[in-house]
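J.: Sharing a structure below in structure tokens format, with a few things to ask.
The values are calculated or read from the model by the stated rules, or taken from the named source; none is laboratory data. Please read all numbers here as calculations on a predicted model, not as lab measurements. Note that we place each Cβ from the backbone using ideal geometry, even for glycine, and neighbour counts take in every protein chain shown. Each accessible area value is taken on the protein alone, full model and side chains, heavy atoms only, with ligands, DNA and RNA left out. Shrake-Rupley method; radii C 1.70, N 1.55, O 1.52, S 1.80 Å.
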There are 2 protein chains.
Amino acid sequence: MTSKTFAFQGAPGAFSHQAARMYAAQIGDEASYLPCQSFGEVFDNVRSGAATYGVIPLENSSIGSIVANYDLLWSHDAFIVDEIFVPVHHHLIGFEGVRLAEIREVFSHPAALDQCRKLFKQNQKMSARVHWDTSGSVAYVKESGKRELAAIAGEPAAKEYGMAIIQSNVEDYAHNSTRFGLVVKMPADPKNMPSQGLTAPYKLSLVVELAHEPGALAKILHELAHLGANLTKIESRPIAENPWHYRFFMDIEIKDAANDQPLLAALAAKADNMKLLGRYKVAEAFVSQPA
Amino acid sequence: MTSKTFAFQGAPGAFSHQAARMYAAQIGDEASYLPCQSFGEVFDNVRSGAATYGVIPLENSSIGSIVANYDLLWSHDAFIVDEIFVPVHHHLIGFEGVRLAEIREVFSHPAALDQCRKLFKQNQKMSARVHWDTSGSVAYVKESGKRELAAIAGEPAAKEYGMAIIQSNVEDYAHNSTRFGLVVKMPADPKNMPSQGLTAPYKLSLVVELAHEPGALAKILHELAHLGANLTKIESRPIAENPWHYRFFMDIEIKDAANDQPLLAALAAKADNMKLLGRYKVAEAFVSQPA
């Protein structure tokens, strides 16, 4: 049993921390955890070798892509070697014995606040306050000592700081869940790319920049269909240096490993620019609820 | 000359307010303005008739789509009748005579903070603080009376509240600009859809939900190419009630008005669900810097 260090964004008890724990249990390795202030810091710790894995949220079933991480995948030499789906149940967390009607300000990560809009519609006296992290906002409320403050976070965060759940499951959608990517440092030689020798079906994550001409994207997608690959996700992001041009992030399910290299070669030939971001087995939750 | 009321998100002096003023000048109508706390409130004022137009940011050249507005276009019966591109120059705004090195906290709308990341990298003693609006954050700093606070906003906001520009053009990219949509209330009868009788080239905005089968998106894009239409923008958004399924928002340039109805019919036939969101002339800035 080897020991792995997982870098994640947030305070101990954050959903990214939970994703790291679940993944460590899944691969059966001893684990230590490295909380980071920002997603950029997670990527930096993977690059420096301080962390074996970075655990980054890629998309949530209710609010969509965490686009900051797509941009970081583009700009860093990291490689996705696995994905994991984590059910995300949010709770309103505050001081023991506080009633719902007493709460005035609710702190959390903006993504979590976005997943709990109905709570604020139903409780007009509560204001949403942006904080750097879900679990970190529980610590903040505790430190404040103010009983009219609360936080939105998961159950582990309440336990971490010994605070009470005032209302459970405040997420808008009961099946709220987040897909995380596990990233490692990209080796200098692409031939030593991690996760070689996977057996199909598996997924590729990649990004392409296309010539601005009618049908450019259609041609790429036609090529995928022709090689029997299934596009499970597409996300466009602006090329900031080149206004109103876009790059496209894609997840592609490969059903026959023999198509892997021809597909990458075909995309590289048709795109102005292409970067392979990951190759990994299809996680279970994904198969049961396909994209 | 008729009078039009423009609803926008933000305080007077916000970039959405500037977009509304520019658009009013362009169409030559007398204008009044209705500031709103949230994007949802802008749509509500258009639906109720309190505003003739809602002015909503759709995407920014540096940070990408304002996805909240895509979701609101899906859930509301509003129709895009025009688009306008606005150059977005951000300034660090505070009290007269304050030096850069004295500033500790900088308030602004999260989208504006995202467009000015280099400022915070270069000035490690400054912390970014999320506020509801760019111009509103100038008002907030003024009211605080604290000289170590500053805001990020446009020049009109500094004028609006009589505050000083401490550092100008703090946006990461000099060509930073935002594309706004002008929305009106959707008529009960689709035959009375506004902006009928446009001459080509013009744009359609629409959203499709597709069957989850390999190549579904490729087939739609192939259809567009076949009818000589150019996809200028595609954005995927999650269907929150149906985890890991997506709807696709598209902007399509129509070069021959005769293709408009056949194209919509073909898309409606191939999609599980389709909604037309707008039909409008292609704005100038877009032609000079195509997507």
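J.: Give me the accessible area of A:Asp77, 1.4 Å probe, in Å² rounded to the nearest 10.
T.: Probe radius 1.4 Å; accessible area of A:Asp77 about 110 Å².
J.: Order A:Lys121, A:Lys270, most accessible first, counting only protein heavy atoms with a 1.4 angstrom probe.
T.: If we order A:Lys121, A:Lys270 from most to least accessible, we get A:Lys121, A:Lys270.
J.: Using the Cα centre of the stretch A:85-239 as the reference point, and only Cβ charges (+1 on K/R, -1 on D/E), how large is the resulting charge dipole? Debye, rounded to the nearest 20.
T.: Roughly 220 debye, rounded to the nearest 20.
J.: Probe 1.4 Å, all protein chains in place: accessible area of B:Arg247 in Å², nearest 10?
T.: Probe radius 1.4 Å; accessible area of B:Arg247 about 20 Å².
J.: Could you work out how far helix B:134-144 tilts from the main Cα principal axis of chain B, as a 0 to 90 degree angle to the nearest 10?
T.: On a 0 to 90 degree scale, this one is about 20.
J.: Rounded, prolate or oblate: pick one for the stretch A:170-278, where a ≥ b ≥ c are the square roots of the eigenvalues of its C-alpha gyration tensor, a/c under 1.5 means rounded, and failing that, prolate if a/b is larger than b/c, else oblate.
T.: Cα axes put the stretch A:170-278 in the rounded bin.
J.: To continue, here is another question. Determine how large the accessible area of B:Trp74 is when every protein chain is in place; take a 1.4 Å probe and give Å² rounded to the nearest 10.
T.: Only protein atoms counted, so the area is about 60 Å².
J.: Please quote Rg/Rh for the stretch B:14-57 to two decimal places, taking the Kirkwood radius as Rh and restricting both calculations to Cα atoms. Mind showing how you got there, number by number?
T.: Working: Rg = 10.1 Å, Rh = 10.8 Å.
Ratio of gyration radius to Kirkwood radius for the stretch B:14-57: 0.94.
J.: Continuing with the same structure: Using a 1.4 angstrom probe on the protein heavy atoms only, could you order A:Met250, B:Met193, B:Met274 from most to least accessible area?
T.: Details: A:Met250 5, B:Met193 25, B:Met274 55 Å².
Largest accessible area first, the list is B:Met274, B:Met193, A:Met250.
J.: Per residue of chain B, what 222 nm ellipticity follows from adding -39500 (n - 2.57) for every DSSP H run with n ≥ 4, rounded to the nearest 500?
T.: Numbers: 10 runs with 88 residues, N = 291.
Estimated from H runs of four or more residues: -8500 deg cm²/dmol.
J.: Further, regarding this structure: What is the distance in Å between the Cα centroid of the stretch B:223-241 and that of the stretch B:124-183?
T.: 34 Å
J.: Return the lysines within reach of A:Lys142: Cα separation strictly under 19 angstrom, same-chain partners fewer than 8 residues apart disregarded; answer none if there are no such residues.
T.: Cα-Cα hits under 19 Å: A:Lys159.
J.: Still on this model: Taking the Cα atoms only, what angle lies between the long axis of helix A:260-270 and the longest principal axis of chain A, rounded to 10 degrees?
T.: Between helix and principal axis, roughly 80 degrees.
J.: Just check the stretch A:30-133 against the gyration tensor rule for me: Cα atoms, a ≥ b ≥ c as the square roots of the eigenvalues, rounded for a/c under 1.5, and otherwise prolate or oblate depending on whether a/b exceeds b/c.
T.: prolate
J.: What does a probe at B:Trp74 reach in the stretch B:242-277, counting residues whose amide N is under 17 Å from the point 7 Å along Cα→Cβ?
T.: Counting backbone N atoms under 17 Å from the label point, the list is B:242-251, B:271-277.
J.: Now, a different point. Once you have a ≥ b ≥ c as the square roots of the Cα gyration tensor eigenvalues for chain B, tell me rounded if a/c is under 1.5, and otherwise prolate or oblate according to whether a/b is larger than b/c.
T.: Prolate.
J.: Rounded to the nearest 10 degrees, what's the angle between the helix B:216-226 long axis and the longest principal axis of chain B, both from Cα atoms, 0 to 90?
T.: With rounding to tens, the tilt is 80 degrees.
J.: Of A:Lys233/B:Lys255; A:Lys118/A:Lys275; A:Lys121/A:Lys146; A:Lys275/B:Lys219, which sit over 31 Å apart, Cα to Cα?
T.: As for pairs spanning more than 31 Å Cα to Cα, those are A:Lys118/A:Lys275.
J.: GNM, chain B, Cα, under 10 Å: largest mean-square fluctuation among B:Thr52, B:Thr178, B:Thr232?
T.: It is B:Thr232.
J.: Charges at C-beta only: +1 for Lys and Arg, -1 for Asp and Glu. How large is the resulting dipole of the stretch A:1-78 about its Cα centre, in Debye rounded to 20? Intermediate results must be reported in sequence, preceding the final value.
T.: Values: 3 positive and 7 negative charges, 31 e Å.
For this selection, approximately 160 debye.
J.: Enumerate the lysines that B:Lys4 could reach by cross-link, defined here as Cα to Cα under 17 Å, with residues fewer than 8 away along the same chain left out.
T.: Candidates past the 8-residue exclusion: B:Lys185.
J.: How many Å² of accessible surface get buried when A and B come together, counting both sides, probe radius 1.4 Å, rounded to the nearest 100?
T.: 3600 Å²
J.: To the nearest µm²/s, what D does Stokes-Einstein give for the protein assembly as shown at 20 °C and 1.002 mPa s, using the Kirkwood radius over alpha carbon pairs as Rh?
T.: 85 µm²/s
J.: Further question on the same structure: Can you give the FRET efficiency for A:Glu284 and A:Gln37, using 1/(1 + (r/R0)^6), R0 = 35 Å, r = Cβ-Cβ distance, to the nearest 0.05?
T.: Working from the Cβ atoms, E equals 0.65.
J.: I've got another one for you. Per residue, how much accessible surface does the stretch A:124-223 expose to a 1.4 Å probe? Answer in Å², no decimals.
T.: Here the residues of the stretch A:124-223 average 46 Å² of exposed surface.
J.: Can you compute the modelled spin-label distance between B:Gln124 and A:Ser127, with each label point 7 Å from Cα toward Cβ, in nm?
T.: Using points 7 Å along Cα→Cβ, the separation is 3.3 nm.
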